[in-house]
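Each remark here refers to the structure printed beneath this line.
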Ligand code: NAD
Ligand code: UDP
């Protein structure tokens, strides 16, 4: 089972699992996605799509070996628009998914996030760092939902013996991100392709470390295939500033876009970069796709969507 299976990461996970010969049930309520993301999978044998809100108990539709719990808004504009839904997905949704894992003696993988580190005071971030989160700021609906989900996952492991693994996913990008989801990569690519100004927040000196989605999904699968409890960072340690990313995307799209400086986001982390030594050691995993190649594939996909949009 993949909750959030129609989302950006979830749809790539479903696709990889099917390609590896694993049957998949994707559960999604389309809060931040559309079924379009899995349109290519709907008629494949072994794939099923269940429209369901994970904050409601999951219906009895068979038993599962592995449950990947991804259902949650993930883009800042999405979770700021859906604050209570995001807290409910992290709390009630995670409870329901863990209950199912307990019932089926399934391996449970939580899609947690680098946001649990907040605006980090330690750099790069190892899993042992406890974080620096504003528990009442606007971003807290996401950060604290994930921190609670991690605590709940560990409680089910300790108290109920559920076989759990926590992945702390760092910024991931690739095809199937919504052009309007507000995250930096789809926003810059969509605007660069339209020769519109690239909206750099604050000074643009804040950093992120971008992982191509195929690599992130391989990391999640490696964690599922292990018995490691995590938390374990899944991300690409190549860090760059938002301004440098804007320049890279402008060049890669051969765009005439200018840079437009907009207001900095509240509680925006200044630096973010994963220490991935634990994943390398315990899972034998590390990202393989360079940013040049990942951005090339992503830009190609966005350009194709624009062509399709123009012809319909
Ligand atoms: P996304 O918004 O594209 O996908 C999330 C999916 O969950 C959507 O299909 C949405 O409709 C679904 N969903 C939300 N609430 C639901 C509910 N109550 N019931 C059923 N479905 C629900 O986001 P994404 O980037 O694919 O992120 C997937 C997961 O990975 C999230 O849990 C996110 O927190 C985590 N994550 C992602 C990133 C990243 O950079 N993409 C980084 C860290 C963590
Ligand atoms: N950002 C930006 N312009 C945009 C969208 C985002 O400069 O149009 C910045 C944002 O303020 C943050 C960084 O890019 O500093 C990454 O933002 P994103 O929403 O992609 O991810 P997150 O903040 O969750 O890491």
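Quick note: the coordinates plus some simple rules give every number you see, no bench work behind them. Predicted, not measured: the structure shown is a model, and the values here were computed from it. Counting neighbours? That spans all protein chains shown, and the Cβs are built from the backbone with ideal geometry, glycine included.
Counting every other Cβ atom within 10 Å of each residue's Cβ, 253, 34 order from fewest to most as 34, 253.
Which of 6, 273 has the fewest other C-beta atoms within 10 Å, and how do the rest follow up to the most?
Taking fewest neighbouring Cβ atoms as first place, the list is 273, 6.
The fraction of Cα-Cα pairs per 10 angstrom bin, counted from 0 for region 118-244, comes to 11, 33, 37, 15, 4, 0 percent, rounded to whole percents. In the distance distribution for region 59-152, Cα-Cα pairs more than 21 Å apart total 37 percent.
Give me the angle, in degrees from 0 to 90, between the Cα long axis of helix 184-193 and the longest principal axis of the Cα atoms of the chain, rounded to the nearest 10. On a 0 to 90 degree scale, this one is about 40. Out of every Cα-Cα pair that the chain contains, those further apart than 33 angstrom amount to 20 percent.
The ranking of 268, 181 from fewest to most other beta carbons within 10 Å of each one's beta carbon is 268, 181. The gain in end-to-end length when the residue 280 to residue 292 segment is fully stretched comes to 2.1 nm, 0.36 nm per residue minus the alpha carbon separation. Using only Cα atoms, find the angle between the long axis of helix 213-225 and the longest principal axis of the chain, and express it within 0 to 90 degrees, rounded to the nearest 10. Helix 213-225 sits roughly 20 degrees off the main axis of the chain.
Restricting to the chain, compute how many DSSP beta bridges are antiparallel as a %, nearest 5. Among the beta bridges of the chain, antiparallel pairing accounts for roughly 10 percent. With a Förster radius of 35 Å applied to the beta-carbon distance between residue 132 and residue 43, the computed FRET efficiency rounds to 0.15. A straight line joining the Cα centroids of region 133-158 and region 164-236 runs 20 Å. A straight chain from residue 159 to residue 23 at 0.36 nm per residue would run longer than the Cα-Cα distance by 46.0 nm. The residue 148 and residue 256 beta-carbon pair, evaluated with R₀ = 51 Å, returns a calculated FRET efficiency of approximately 0.65. Taking only Cα atoms, what is the 0 to 90° angle, nearest 10, from helix 94-104's long axis to the longest principal axis of the chain? The helix 94-104 is inclined about 40 degrees to the chain. Divide by every residue of the chain the summed helix terms, -39500 (n - 2.57) for each DSSP H run of at least 4, and state the resulting mean residue ellipticity at 222 nm, rounded to the nearest 500 deg cm²/dmol. Result for the chain, helices only: -11500 deg cm²/dmol.
Could you give the length gained on full extension between residue 60 and residue 122, defined as 0.36 nm per residue of separation minus the Cα-Cα distance, in nm? Let's see the in-between values first.
Numbers: separation 62, 0.36 × 62 = 22.32 nm, distance 4.39 nm.
Contour length minus Cα-Cα distance gives 17.9 nm.
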